[in-house]
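Asker: Have a look at this one.
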Amino acid sequence: MNAFTEWVRDFEDQERRRRETGDPDFARGAVLPPAVVAGVQRFQVGEAGDGANLIAKATRAGDGEYAAAVRMFVAEERNHARMLALLLRSAGAETIDGHWSDAVFVRLRRALGLRLELMVLLIAEVVALGYYRALRDGTADPLVSDVAGRILADERRHVPFHCLRLRGELPRPVHGVWWVLLGGALAAVCWDHGPALRSLGVTRRGFAVEVAGLFKAAVAATRDHRDDLLPRRPAKPGGTVSGAPRRAP
């Protein structure tokens, strides 16, 4: 059986669970420090892309099940953007039209083929793991924690999904380039989101170390066949999910 058939089922199951569970209670309002508002606005922009370029590349790859799973992955990312927009509105803030960091990521992802796009996308995903974990755990506001926890649970599933597609596709010399790309991304994020991270009780260094550890586990998962990288049965929204590689978070 095509391994991505299992991922299609997982994405379908998640969509069904979201419908059954419903949205967080955005009417309750949220309290976000100004620095965290700026951080959420920037991540909201990053989640809001239409994914057309990735979908087109996945379709050209010739695996119908993988292409279907990618379309559902993009839909989950857009749902994250929708929830973050509603969270900002609940806090009395607006979304922004764009940000330089997202523009750089998008241009780099689109530069070459599917593999490079997924390599850059996986960097964004592990950065998101660190950020949404900090947002979930670093706030006393229950709505903020709920939204961040739901997104974090999805991102923990996305990492093994992308790792599976990249498995066996990257020669070892490319891994060095991949780490350089991560270093550049981390430098930009730590500089840009430093005030927000401090508001959430996380230092720049602590964030960088956490994300580097997550990335190391993800890179290992693209080489190590002991984990099948198939989806696991998820926990409730906002909780942990066992769908990440066994040596990843």
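Asker: In whole percent, what relative contact order does region 1-90 give with Cα contacts below 8 Å and a gap of six or more residues?
Answerer: Relative contact order comes out at 48 percent.
Asker: Using 0.36 nm times the number of residues separating ALA187 and ASP23, minus their current alpha carbon distance, what extension gain do you get?
Answerer: Extending this stretch completely gives an extra 55.7 nm.
Asker: For the chain, what's the relative contact order in percent, using C-alpha pairs closer than 8 Å and at least 6 residues apart?
Answerer: Once divided by the residue count of the chain, the mean separation gives 23 percent.
Asker: Ranking request for peptides 164-175, 61-72: highest mean number of other beta-carbon atoms within 10 Å first, then the rest in descending order.
Answerer: With the highest mean Cβ count within 10 Å placed first, the list reads 61-72, 164-175.
Asker: Would you compute, from DSSP H runs of 4+ residues alone, the mean residue ellipticity of the chain at 222 nm, taking -39500 (n - 2.57) per run and dividing by the full residue count, rounded to the nearest 500?
Answerer: -24000 deg cm²/dmol
Read-outs throughout are calculated quantities, based only on the coordinates presented, and are distinct from any laboratory measurement. Quantities reported herein were computed from a predicted structural model and do not represent experimental measurements. With ideal geometry, Cβ positions are generated from the backbone for all residues, glycine too; neighbour counts draw on all protein chains shown.
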